[in-house]
1. Go through the residues of region 147-158 one by one and say whether even a single one is closer than 19 Å to residue 38 by Cα, in a strand (DSSP E or B), polar (S, T, N, Q) and modelled with pLDDT of 95 or more.
2. For residues that are outside any strand (DSSP E or B) and open to solvent by 60 Å² or more (accessible area, probe 1.4 Å), scanning just region 75-91, find the one that is nearest to residue 163 (Cα to Cα).
3. Among the residues of region 177-207, how many are open to solvent by less than 10 Å² (accessible area, probe 1.4 Å) and either assigned to a helix (DSSP H, G or I) or touching a helix residue (DSSP H, G or I) at 6+ places or on another chain (Cβ under 9 Å) (or both)?
4. Suppose we filter 111, 205, 201, 101 for residues that are under 16 Å from residue 70 (Cβ atoms) and without any contact (Cβ under 8 Å) to a residue 40 or more places away in the chain; which single one remains?
5. Every residue in region 138-154 that is over 14 Å from residue 203 (Cα atoms) and in contact with a strand residue (DSSP E or B) (Cβ under 6 Å, 6 or more places away or on another chain), please.
6. Take the conditions of a type in the set (A, V, I, L, M, F, W, C) and open to solvent by less than 50 Å² (accessible area, probe 1.4 Å) and apply them to residue 119. Does it pass?
7. Taking the options 72, 97, 53, name whichever one is more than 21 Å from residue 194 (Cα to Cα), open to solvent by 10 Å² or more (accessible area, probe 1.4 Å) and more than 15 Å from the chain's Cα centre (by Cα).
8. Pick from region 23-50 the residues that are β-branched (Val, Ile, Thr), within 14 Å of the chain's Cα centre (by Cα) and assigned to a strand (DSSP E or B): which of them is modelled with the highest pLDDT?
Amino acid sequence: MRNTLGKLALVCGAATAAFALATAPAMASPTNWVVGPNSPENFTAKSTNVVLSINGIDMTCTYSDAAGSLHSATGNPAAVGTINPVHFGKTSEPCTSFLGTVNTVANTPWTLNVTNYTAGTGVSQGYISGVNARVSVATCAFTVTGTAHGTYTNSTGDLKIATTATELTVSAPTAGCAGVVSTGDHPSFNGDFYAVVTGTTTHPTIVGS
């Protein structure tokens, strides 16, 4: 069983989502951030391509969703949003692995922070802080905490998450994780979440100056 565990993608919990913002060239570092079309603004977001990995083993969620609120702010970094809740998989479309379904409980809220902005493309850079989730698969369960960087594009509502090497960290693995997942391991998370203002097809915007 444990050898099999070593061949599957375990880290749906890192998902965190969530919500973040990764490296992009020629970005300015503003201190005034304006959320549109209104502030505060509630949003929902969905993804069909969440890919999580630990120790070189990948897994895929073809369904994930999130919701939260955005607000204008000042500072750098600036906290412009709260993400609550985040879900990975659903009953009819669970996250999968070689061993079967991977279940994740995301402990929210998480915070969306911004640091840089490119006016010409409407792309913001930043990160999600407070990521915390419990992942379980077969006999193994563990917690993932940390931050997740990425980019947000105003024109498409695309929140593209791509964590760096050591942003997320594993803790509290159960005995069933022995030889597969250990305390201090660093899972990665990649995915595109497409956000809209709640109840509309309009993408929220984040503009820095």
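The values are calculated or read from the model by the stated rules, or taken from the named source; none is laboratory data. Computed from a predicted structure; not experimentally measured. Neighbour counts run over all protein chains shown; Cβ positions are idealised from the backbone, glycine included. All accessible areas refer to the heavy atoms of the entire protein, side chains included, with ligands and DNA or RNA removed. Shrake-Rupley method; radii C 1.70, N 1.55, O 1.52, S 1.80 Å.
1. Within region 147-158, one or more residues are closer than 19 Å to residue 38 by Cα, in a strand (DSSP E or B), polar (S, T, N, Q) and modelled with pLDDT of 95 or more.
2. Here the answer is 77.
3. Residues meeting the conditions: 4.
4. Going through 111, 205, 201, 101 in turn, just one is under 16 Å from residue 70 (Cβ atoms) and without any contact (Cβ under 8 Å) to a residue 40 or more places away in the chain: 111.
5. Once the filter is applied, which keeps residues that are over 14 Å from residue 203 (Cα atoms) and in contact with a strand residue (DSSP E or B) (Cβ under 6 Å, 6 or more places away or on another chain), region 138-154 yields 142, 143, 144, 145, 146, 147, 148, 149, 150, 151.
6. no
7. Criteria check complete, one pass: 97.
8. 44
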